[in-house]
1. Whose amide H sits under 5 Å from the amide H of SER367, counting only residues 5 or more places off or on another chain, with H placed in the peptide plane?
2. For VAL32 and PHE270 in the same chain, what is the full-extension length gain: residue separation times 0.36 nm, less their Cα-Cα distance, in nm?
3. Measuring from label point to label point, each 7 Å out along Cα→Cβ, what is the ASP331 to GLU104 span in nm?
4. Please check the chain for the longest run free of trypsin sites (Lys or Arg not before Pro) that are loop-located per DSSP (anything but H, G, I, E, B) and have at most 11 other Cβ atoms within 10 Å.
5. Given a 10 angstrom Cα cut-off, can you work out which residue in HIS126, HIS134, HIS90 is the most mobile in a GNM of the chain?
6. Report, to the nearest whole %, how much of the accessible area of the chain belongs to carbon and sulfur atoms, 1.4 Å probe, protein only.
7. Could you tell me the calculated FRET efficiency between CYS8 and THR76, based on Cβ-Cβ distance and R0 = 41 angstrom, to the nearest 0.05?
8. Spin-label point model (7 Å from Cα, Cβ direction): what's the ALA375 to ASP256 distance in nm?
Amino acid sequence: MKDVFDKCRSWDRDRPLKEAGIYPFNHPITEVGEGTEVVVEGRRVIMAGSNDYLGLSTDPRVKAGAIRAVERFGATCSGSRLLNGTRSLHEELEHRLAVFLRREAALVVSTGFQTNLALAALLGPHDVVFADRHNHASLVDAVLLGSAAHRRYRHGDMAHLERLLTAADPAAGKLIITDSVFSVEGDLCDLPGVAKLAAEHGARVVLDCAHDLGLLGAHGRGAPEHYGLEAEVDLVTGTFSKSFASLGGLLAGPADIINYLRHVGRSVLFSAAMTPAAVGAALAALDVVEREPERRWRVLDLAEEAHNGLRALGFDTGRSATPVVPVRVGDETLCFRFWAELLAAGVFTNAFTAPAAPGGAALIRASFTATHTDAQLDRVLDAFATVGRRLGIIPPAPPTGYDPVRIARPALPVPA
Ligand SMILES: Cc1ncc(COP(=O)(O)O)c(C=O)c1O
């Protein structure tokens, strides 16, 4: 008889990487300092692989928000929101988010992943869901958990989406679901295209704004604000694990939809509430997001410099227009070696290979934080240049020209 554990015992894809000293995962960080330089296995390196875009994870105000919340409400809520886990702090955060995002209501959930899983409750047997092929795993899993028919359109391909919408049963409920900033490559979804097709085909739009809330748009309301299409997005999902320097997720939209998900979303019902510390940190981060737009401008400026600096060296940073800076490598082993040598050169990044990136399209994902200094960015670019040349990822001499990146910043910073 087969043992279900056999597959685990024979799985050893990490072993050769560990033996070769190029295993890029699960490395413990022992000191975080102010966030832009961390200590990994005894070495101080520049953190160029965090999603802490606004640099708030170590901000004294955010830490104090978490501490105050723990002192008032304890370490945990010991139960689900529905039963015994709701604290007034959750309601305060939900109210603040609804006001910030100009939506009727908001719901906060223990993680961003679970937030998206709750969407499964919207996907009934008479519905069809249209999903971008590069959607985050949490959206993919939400669709698998739901009972709607599943149509995946080629990444960013509006003509393909249109064909699938046209072929669908006109009587079916339709939902288009997409990341707004794609998490691996940092590119923006074609929201104008999605909104136009949704209007033409009577489809609802759900946008996962995990990477852009707090970051894009004049007031930080994310890609919908950036595009001027907030009314065209029915439901926004997001996470506190990036610009909001905490842990947890949010849904924001019409009050009746939020109320339904609050009572029916399984990942909401059957899981303990966001911890007081996480809510307190998110509330404090929201204060900063609302009051310090200059943090957004700073990280977007840095990101633009990073993209263009890397492109000037001959790297391919794809279609990203955000502080997620993908550096395309292709071959997996080369990518792992690149990661390890960057670390040895004092720069922590992330290696993305299958299943996070398509097979054969491995990449190094660098990301930037508002609190990085210009000198730190220069050190990152120097490390990429030295290691990239040594490994033959870029030519020995920079190319004569490159296409500059236009970062997704509002035309004019708008006062609060
Ligand atoms: C696009 C996207 N959605 C959802 C999530 C999940 O968020 P969390 O880390 O809060 O579970 C992530 C995090 O990686 C993400 O990138």
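1. GLY49, SER50, VAL325
2. 82.4 nm
3. 5.6 nm
4. Result, exposed sites excluded: 14-405.
5. Sorting by GNM fluctuation, first place goes to HIS126.
6. Using a 1.4 Å probe with all protein chains present, the chain comes out at 55 percent carbon and sulfur.
7. Rounded to the nearest 0.05, the efficiency is 0.85.
8. About 5.9 nm, to one decimal.
The values are calculated or read from the model by the stated rules, or taken from the named source; none is laboratory data. Quantities reported herein were computed from a predicted structural model and do not represent experimental measurements. Cβ sites come from the backbone with ideal geometry, for glycine too, and all protein chains shown count toward neighbours. Just so you know, the surface numbers come from the protein's heavy atoms only, side chains and all, with ligands and any DNA or RNA stripped out. Shrake-Rupley method; radii C 1.70, N 1.55, O 1.52, S 1.80 Å.
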